[in-house]
Amino acid sequence: MKIGDLSLSRINRRLRTGIALEIGSLRVAVSCNARGFAPTFQRLYAHTPFHPDPNQGLIDFPVALRRQGGLRRLVAPQVALYSDQQHPFHPFPEDHAFPFFEWGINWYVATQAHQYLLLHAAVVEKAGKALIMPARPGSGKSTLCAALIHRGWRLLSDEFGLVADEGRSVLALPRPAALKNESIEILSRFAPEAVIGPVFPRTRKGAVAHVMPPRESTEQAGQAAAPGWVVFPQYKAGVTTRLHPFPKGRAFLKLSGNSFNYKLKGPSGFRAVARIVHASHTYFLEFDSLEHAAEMLDRMVEVTTATREE
Amino acid sequence: MTLPVGTLDQRDPLTRWSCPFYDTLLQETWEDEHFVLNPRSGETHVLNGLTAAILSALAEAPISLDELVERFGPALGGATDEAPEQILDTLLSQLDQLGLIDPALHEDR
């Protein structure tokens with residue numbers, strides 16, 4: 001059963017007691033009583049499967065959003081996020097419950113999903129190979145990722161590269177991609193067909209909106225992809241978009257430095273990063289235009305796939 | 001100063017150095033840069049070709065600073081004003097601090 005199969009009132013009821021959301025390889029127990037959360041959740045997770053009973057089977061982590069009591073709820077209602085008795089963040093305004101939920105999942109993945117080597121990267125797939133785009137905040141990674149998934153690439157993840165089998169495969173975690181500030185308008189012009197949720201103004205990261213993963217990405221969430229390309233993207237206003245080869249040694253350093261848990265993973269982390277670098281064509285992409293960047297990455301696939309086949 | 005039996009003076013030029021756990025190091029090489037994970041410290045280091053060659057030599061047999069100067073001094077090729085002995089002494093000290101090599105007793109001790 002998928003989230004979109006339920007009516008809003010049923011989702012609201014289910015969320016009060018909890019459901020197990022099946023996002024690719026992760027199973028997250030979600031419960032929430034924040035007002036205004038369910039419509040956005042229903043829309044942006046419409047294609048995501050769930051189990052109605054979070055107590056059935058194993059879950060990776062629970063995320064519970066609870067309205068706060070006290071007099072404050074009458075003037076500025078807030079929600080708090082809980083997981084396994086932990087309370088990692090200060091409460092958020094209740095009307096920001098959805099971005100809070102998304103950041104909560106990010107936090108839990110980054111701090112708990114150590115069965116994988118975790119890269120801070122957007123990952124998309126084409127021709128059976130993963131394009132890994134590691135980047136720091138502000139590089140345009142999420143905007144580029146949201147653009148590519150509307151140009152024939154499959155979304156594996158907007159925020160995390162979940163690397164399994166010591167670098168042989170990257171798993172899918174198709175969740176809404178978070179866009180910030182002017183990126184929201186840029187993407188809606190680039191891909192008018194994109195389903196973009198409400199804009200949440202004045203969050204800690206400015207205005208934030210989320211792009212729903214295309215249906216095919218969610219439906220193929222069980223399919224991992226072998227690493228094929230590592231591209232370090234950097235948005236820079238006014239530059240001529242260009243893609244140029246990036247030395248493999250530097251790529252190894254940047255990839256390992258970009259991982260949330262490279263050191264924790266020890267030898268298996270080293271082997272995983274090395275295997276990704278060996279298996280991938282490595283590039284640096286400087287871009288100003290999403291259109292040009294998408295074209296260049298398509299050309300990269302054509303050229304390197306032909307090289308591989310020779 | 002007389003050292004008690006079983007202790008080492010690491011500055012003694014006769015001290016031999018070795019890398020007895022070389023086989024446990026994880027290594028990759030790209031473009032003459034050697035990436036080495038030392039599982040004992042959990043740290044990853046980037047070594048140039050000469051340092052990697054010295055580490056490999058120290059894995060085969062313990063070597064003193066004087067012997068290193070003899071074997072690897074010419075490879076330094078007067079790249080800097082520093083004497084090869086000084087450069088290699090500093091290098092040994094750095095590798096020691098990183099836990100990549102250990103001092104071994106010299107033969108006449």
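We did not get these values from a lab; they are worked out from the coordinates using the rules stated. All values derive from a computational prediction rather than experimental measurement. Here the Cβ is made from the backbone with ideal geometry for all residues, glycine too, and neighbour counts use every protein chain on show.
If you bin every alpha carbon distance in region A:3-112 into 5 Å steps from zero, what whole percent lands in each bin?
2, 12, 24, 26, 21, 11, 4, 1, 0
Can you give the relative contact order of region A:88-192 as a percent, counting alpha carbon pairs under 8 Å and 6+ residues apart?
After rounding, I find 24 percent.
Check which residues have an amide H placed less than 5 Å from A:Gly140's amide H, if you skip close sequence neighbours.
Long-range HN contacts for A:Gly140: A:Tyr235.
Among A:116-124, B:43-51, A:253-261, A:224-232, what's the highest-first ranking by average C-beta atoms within 10 angstrom per residue?
By packing density, highest mean first, the sequence is A:116-124, A:224-232, A:253-261, B:43-51.
With no solvent and one equal point scatterer per Cα, compute the Debye intensity ratio I(q)/I(0) for region A:121-260 at 0.09, 0.13, 0.15 Å⁻¹ and report its log10, rounded to two decimals.
Computed log10 I(q)/I(0) values: -0.26, -0.56, -0.74.
To the nearest whole number, what is the average tally of beta carbon atoms from other chains within 10 Å of the beta carbons of peptide A:250-260?
Other-chain Cβ atoms within 10 Å of each residue's Cβ, averaged: 2.
Per-residue Cβ counts within 10 Å, from other chains only, averaged over A:43-56: what number is that?
Per residue, the number of nearby Cβ atoms from other chains is 0 on average.
Tell me the relative contact order for region B:16-103 as a rounded percent, counting alpha carbon contacts under 8 Å between residues six or more apart.
Across region B:16-103, relative contact order equals 34 percent.
Mean 1/r over all different Cα pairs, inverted: what Kirkwood radius does the protein assembly as shown give, in Å?
Result for the protein assembly as shown, one decimal place: 24.4 Å.
Rounded to the nearest 5, what % of DSSP beta bridges with both residues in region A:188-310 are antiparallel?
If I count the DSSP bridges inside region A:188-310, around 50 percent turn out antiparallel.
Under the Karplus relation 6.51 cos²θ - 1.76 cosθ + 1.60, θ = phi - 60°, what is the ordered set of whole-Hz ³J(HN,Hα) values for region A:218-231, x standing for Gly and Pro?
Rounded to whole hertz, the list is 6, 5, 9, 4, x, 9, 7, 9, 7, x, x, 9, 10, 10.
Using Cα pairs under 8 angstrom and six or more residues apart, how large is the relative contact order of chain A, in percent?
It comes to 16 percent, rounded to a whole number.
Work out the mean other chain Cβ neighbour count within 10 Å for the residues of B:27-34 and drop it here as an integer.
Rounded to a whole number, the mean comes out at 5.
Can you work out the Karplus-derived ³J(HN,Hα) for every residue in region A:254-259? Use 6.51 cos²θ - 1.76 cosθ + 1.60 with θ = phi - 60°, whole Hz, and x for glycine or proline.
The phi angles translate into 5, 5, 5, x, 8, 6 Hz.
In whole Å, how far is the Cα centre of region A:197-258 from that of region B:25-96?
Rounded to whole Å, the Cα centres lie 38 Å apart.
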